[in-house]
Amino acid sequence: MEVIKGRVFVLGDDVDTDQILPGYAMAEPFDQLGKYAMAGAPGLDFLNRVTPGDIIVAGRNFGCGSSREQAPIALKMAGISLVTAAGFARIFRRNAINIGLPVYAADIAGALRDGDIIEVDMVKGLIRYPQGQLAFKPLSENILKTLDYGGLIPRVRAELGIS
């Protein structure tokens with residue numbers, strides 16, 4: 001999972017976990033959370049537009065608000081392959097990595113439009129987009145390894161030899 005290519009949804013700053021997964025969806029079974037992804041973002045029409053492999057590109061403070069671990073799960077289950085943002089709420093970023101959803105800090109939202117296709121090389125720290133490319137700090141080897149396993153629990157189980 002070194003390179004991820006997909007169509008983007010461009011969002012602004014301060015996208016909080018209530019927008020990512022509204023509180024009323026918290027009682028839903030985990031396998032149904034994708035049906036509620038971004039339902040709290042008015043006017044986005046996310047669920048009617050998202051396709052597997054899409055990428056969310058946002059501004060500062062993505063995932064702020066509550067620490068609900070279900071928010072990144074909902075995005076992953078809806079088919080989002082990557083979230084890149086100028087900055088993340090620390091707990092959202094950690095929760096995303098722990099469940100195997102790649103998150104990449106890069107301030108690129110202003111250079112993109114909804115529907116653009118980008119390619120993100122997480123090892124090299126490079127984003128290719130219609131107008132060119134930008135270099136950013138690559139993900140650490142530890143984070144890449146966790147993502148390769150599909151999250152923290154699968155990684156720990158594999159490393160301990162537990163099935």
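Computed from the coordinates by the stated procedures, all read-outs in this text should not be read as laboratory data. None of these values were measured; they are calculated from a predicted model. All Cβ positions, even for glycine, are placed from backbone atoms using ideal geometry, and neighbour counts span all protein chains on display.
Numbers for the structure displayed
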| item | result |
| --- | --- |
| Where N is the number of residues in region 79-157, Cα Rg divided by 2.2 N^0.38 Å | 1.12 |
| Exposure proxy ranking, count of Cβ atoms within 10 Å, fewest first, for 92, 30 | 30, 92 |
| Residues of type lysines that residue 145 reaches as a straight line, Cα spacing below 24 Å, ignoring anything fewer than 8 places off in the same chain | 5, 76, 124, 137 |
| Bridge type composition, the chain - antiparallel percent by DSSP, nearest 5 | 50 |
| Convex hull projection area averaged over all views, region 40-117, Cα basis, nm² | 5.0 |
| Residues 69, 159, 2 arranged by fewest to most Cβ contacts within 10 Å | 159, 2, 69 |
| Sequence of 104, 24 once ranked by neighbouring C-beta atoms within 10 Å, starting from the fewest | 24, 104 |
| Region 3-160 - Debye-derived log10 I(q)/I(0), Cα point model, q = 0.12, 0.14, 0.18 Å⁻¹ | -0.46, -0.64, -1.08 |
| Distance from region 115-143 to region 59-104 (C-alpha centre basis), Å | 17 |
